[in-house]
């Protein structure tokens, strides 16, 4: 882990997206100077395996850290950045939940296989962190932005399946990021476009929404929700709220991993990018995430982002594991067989 020797001396606590399948000269110069903790890939960055391998190597070379983490959102279903023809269409998380309703043991096995097979695709490409699983519990009447990205509508089922999925990722050498803390399932609007407000009582949130995250509190990474919970903080959404992060995520839920903000460029947040960044760190985020690849916005975020603490870098390093052996073809056949006929 030679890259960790420079931890905390110049690495900044930010993960950046970028515009295309290769870095531009401007992006390369900016990343080299700014030294972000890591990078996140989207469909716009992914064409084929050889291109992605070259890209992830270039990203690490640009910041001079061979182990700089590369993130991606690869959940399956609607949220899949690696697409056919080079990668298979993956089932949504809810398919595992429907199988679990019929046979819990087979449902858990499917969730593990789902995570393990995603890791089998990501790890050889140089992608070491997956922004999954979704541990939100959708409520009746909530916006479809979560929908079948959630494993189920029951907190205990979500917790068990999300943990199995996470174990599959980790067994494949990929670190999971549980999201969206402390729960996005009651939102009636899409936080990509506007700020959701949730008016449920703290007791109700604690018994349902927080429960899966409590079961997953030991995972290496978590991501905040751009959701305002009026019973906790009537002014600021979770990402920007010390009451939510300190009082709920860290204490009530007990989450002990590295806490990332959700994408700071989402429209749920207001104010300048610099102000959003400042407020996220003040509230208690360990690392901020900026995804849209807009270089002017990235400059503003970078100027406001502090150095990554040595403790956070060490926690990340300690979470890295080597992948276990997988007979991929057999695993694919098993998963497809388990989910056959599950709608």
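See the values below:
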read-out	value
Top-ranked residue of region 206-235 - restricted to ones that are part of a loop (DSSP other than H, G, I, E, B) and touching a strand residue (DSSP E or B) at 6+ places or on another chain (Cβ under 7 Å), ranked as surrounded by the fewest Cβ atoms within 10 Å (Cβ to Cβ)	230
Check on residue 262, without any contact (Cβ under 8 Å) to a residue 40 or more places away in the chain and closer than 25 Å to residue 188 by Cα	no
Residues being modelled with pLDDT under 95, in contact with a helix residue (DSSP H, G or I) (Cβ under 7 Å, 6 or more places away or on another chain) and outside any helix (DSSP H, G or I) - total across region 1-30	3
Residue satisfying all of: in region 317-339; touching a helix residue (DSSP H, G or I) at 6+ places or on another chain (Cβ under 9 Å), at pLDDT below 95 and in a helix (DSSP H, G or I); farthest from residue 257 (Cα to Cα) among these	317
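The values are calculated or read from the model by the stated rules, or taken from the named source; none is laboratory data. For clarity, every value in this text was computed on a predicted model and none was experimentally measured. Glycine gets a Cβ as well: all are built from the backbone with ideal geometry, and neighbour counts include every protein chain shown.
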